[in-house]
Structure formats: structure tokens, C-alpha cells
1. Which one, S310, S287, S219, has the greatest fluctuation when you compute a Gaussian network model over the chain with C-alpha springs under 10 angstrom?
2. Heavy atoms only, 1.4 Å probe, whole protein assembly: order E90, E301, E16 by accessible area, highest first.
3. Between the range 235-286 and the range 68-141, how far is it from one alpha carbon centroid to the other, in angstrom?
4. Over the Cα atoms of the chain, what radius of gyration and what Dmax do you get, in Å?
5. Classify the range 93-185 as rounded, prolate or oblate from the Cα gyration tensor: take a ≥ b ≥ c as the square roots of its eigenvalues, call it rounded if a/c is under 1.5, otherwise prolate when a/b beats b/c and oblate if not.
6. On a straight-distance basis, which aspartates and glutamates could pair with K199 in a cross-link, Cα separation under 13 angstrom, same-chain partners fewer than 8 positions away excluded?
7. With runs of 4+ DSSP H residues as the only contributors, calculate the mean residue ellipticity of the chain at 222 nm using -39,500 (n - 2.57) per run, divided by the residue total and rounded to the nearest 500.
8. Skipping prolines and chain starts, which residues have an amide H placed within reach, meaning under 5 Å, of the one on T238, given they are 5 or more residues away or on another chain?
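The values are calculated or read from the model by the stated rules, or taken from the named source; none is laboratory data. Everything quoted here is computed from the prediction, not taken from an experiment. Side chains are part of the model used for accessible areas, which takes the heavy atoms of the whole protein and leaves out ligands, DNA and RNA. Shrake-Rupley method; radii C 1.70, N 1.55, O 1.52, S 1.80 Å.
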Amino acid sequence: MAKLRKYLDRIKPNFEPGGKLHAFHSVFDGFETFLYTPRTTSALSGTVHIHDSIDSKRTMITVVMALLPCFIFGMYNTGYQHWLALGATEFPFWELMLYGFLTILPRVFVAYLVGLGIEFAFAQAKKEEIQEGFLVTGLLVPMICPAEIPLWMLALAVAFAVVFAKEAFGGTGYNVLNVALVTRAFLFFAYPVQMSGDKVYVASGAPFGFGTPLPDAFSCATPLGQIATQSGPELVLTGVDGRVIDTWQAFLGLIPGSFGETSTLCVLIGAVILLGTGMASWRIILSVFAGGLFTGWIANEFASQVYPGSYLNPLEQLFLGGFAFAAVFMASDPVTAARTTTGKYIYGFMVGVMAVLIRTYNTGYPEGAMLAVLFMNCFAPLIDYCVVHTNMNRRTRRLTSKASRS
């Protein structure tokens, strides 16, 4: 590492103003600060000081580490569901992992290539530092999409989200909507066939020639997708092999679904990492689960055959689909969520309420977590505004009352 540091110091003048590579200063600065803690402090322009080495890049890396349990499980589950669809009776661990890795690798590569490429271009054009927010977004996007989403669709959606949901608002830290969810929303509404239905959530190909392709006639809906086609209080959710999916399987995540969001267990491991390092708000996460449980209980108490999703018990509402993943990694995004203490409780609770309402009472859209978070992103500033002004009015009345008594 010492040799790398010396090498960077030696070539750095080439990227400074006046150097022959000064046009790529933002690229060099982004690479250098990714590897090493910046040497500058805010004391250069004022009287405050940085008290530790935690900057936004380290924050993003911590979030990526929290995502790894879900990502690794997604590799296994992608292979596992494919093997089940083939009718296999043996499931070699490393072959399943390799199949999942080879399937998702091109999607991760395309997401980072397109997203970072656009951010590098904007940074160069504006002569600013490269922002590091896409370190997390680039991993999130493939995890919340089907494992075999076409690469050109993914590239187009990422470009749209980065330009219109992020850079148009000023870049990292200024976006109103969660960029990863905007990417998924673009894909869902622009290409619904590739984002829903009975054929997209179980990988069917042979990535890089590895594995055995599934027959074209194969299909298998996700558990939430199956609910929309049933009626009556007895919901029967089946997996790829036709066996009934129980609550434990749903909790573990051994079910069809988007690449990285099926395992509630792995999501909770990621939540422990985020909360333990102070990277996420426990108030938001807890409130999302509370809102989901409450609304799931109400829906179940007044279950109707018209809305088969209402027959799910509250725990099943949390374990199925992307509810838990959205609660931990999407709703808790500090940029797009509410920022006041009281506002965080309101914001999180309403995300949970909206997610269950959408998936329960809209049979044409069985997964409501994405729209719930995006919807509440729009209301987060209003929630904070109301909380702040309520506190101001209460304090004003208190002061007025004290003044009148004196």
C-alpha cells in the first residue's frame, strides 16, 4: 500500500490544474479518495475540524457490506431455483453459487458502467468531485430486478434514473426520489412483461455456457403473483417444484423473486450491520415494520374474497416479496426519507401502511413496496415541514402563555 501511495503522489500533479491530464482531475480524485482518506480538513476554510476518518465513501462501503448477505444469498437462490426447475434432486452448493454469480455479474457490470460513467461525465462537466452515492445504487439495482433482466433495458433504466432522478436535482444528496427504485419503476412501467409474469423470476438460461437452459414452456409465478389468481381464505402458495411454501421458507427466502430481496433473514443481518454502525435510522425501519404489521392485521380481520391478499397473516405480509428489503435498504435512505425525529416515525409507518394496502387491494400489482417508498419520498419534505412548524407553534404558544402570566 505504501508503494501505491507513493505512485499516486508522483502522478497527482498531472491531474492538478495546469497538468497535462487536468481534464481528468475528478476521475483521479474519486479513485484516490476511494482508496485513502482525504488529507484535507474543513479547517482550511473555517474553524471546524473533522474528528474521524468516516466520510461518505466509507459510509457507502458500509452499506455495501450490509448488502452482501442478501447478494450472496441471491447467488445461491438463483441457482437453487434453476436447479429445482430442472427437476434436480441434488443441489451442489458451489455450482449453484457459480450459476447465480455468472447470471448476475453482467447486470452488476452494466449498472456500474452506465451509472458511474454518467456521474463521471457530469462531474467533469461541472468541475466537481465525483460523488460516491452510486457505489450503493449500482449494487441495489440488480438486486431488486429479475436476475435475467435484459442488459440493454437495465442500461436504459439506469441512465434515465441517474440523469432525471439524481443529476437533474444536483447529484448525490439532493435527489428527492430513491434512484434505485426509480430505475425499477422505469423498467416496470416501460417493460412490464420483463418485470412481471410467470417467466421472469426464475433464471432459465445458461450464463456464459454454464448450466442447462430451461425449456421455453417453463413458468412459475412468485408467491405474491400466485395470490392474485386465487380466491377464498385458503391460500396455497407453491414453489418451483410444486411444493407448498411455508412461513419458514418465506423467511429464509428460498422462493422465486427478485435477485436479492427474497430472504428476510439476510435482510435482518444487513439491518444489524446498518444499525450497529449508525448508518440507518432504527426509527424508520421499526416504523415500516409496525405499519406493515398493523395494516396486515386490519386487512386480515376484514378479509374478503374479492381481495385474496387480505387472507395473508401479518407476518406473511412482511416475509413475502420485497417488503423487508424495502424497509431496511430503501425506506431508510437518509437523503430521501424524513429527517426530523417525529417525522421518521410518521414516514416509516406510512411506508408500511402503503406497501400492504397496494399489494392487498390492487390485484393487478401484487408487490407494493416499491411504489410505497417512492410515494412517501414525495411526502417526506412535507412531513418534516409539518413537524417543524408544529413544534414552532407549540413553543410560540408556550412563550405567549408565560408572557401573559407574567
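1. S219
2. E90, E301, E16
3. Taking the Cα centre of each part, the range 235-286 and the range 68-141 sit 18 Å apart.
4. Spelled out, the Cα radius of gyration and Dmax of the chain are 23.5, 84 Å.
5. It is prolate, given that a/c is not under 1.5 and a/b is the larger ratio.
6. Within the straight-line cut-off, K199 pairs with E148, D216.
7. So the calculated ellipticity at 222 nm is -19500 deg cm²/dmol.
8. Long-range HN contacts for T238: I245.
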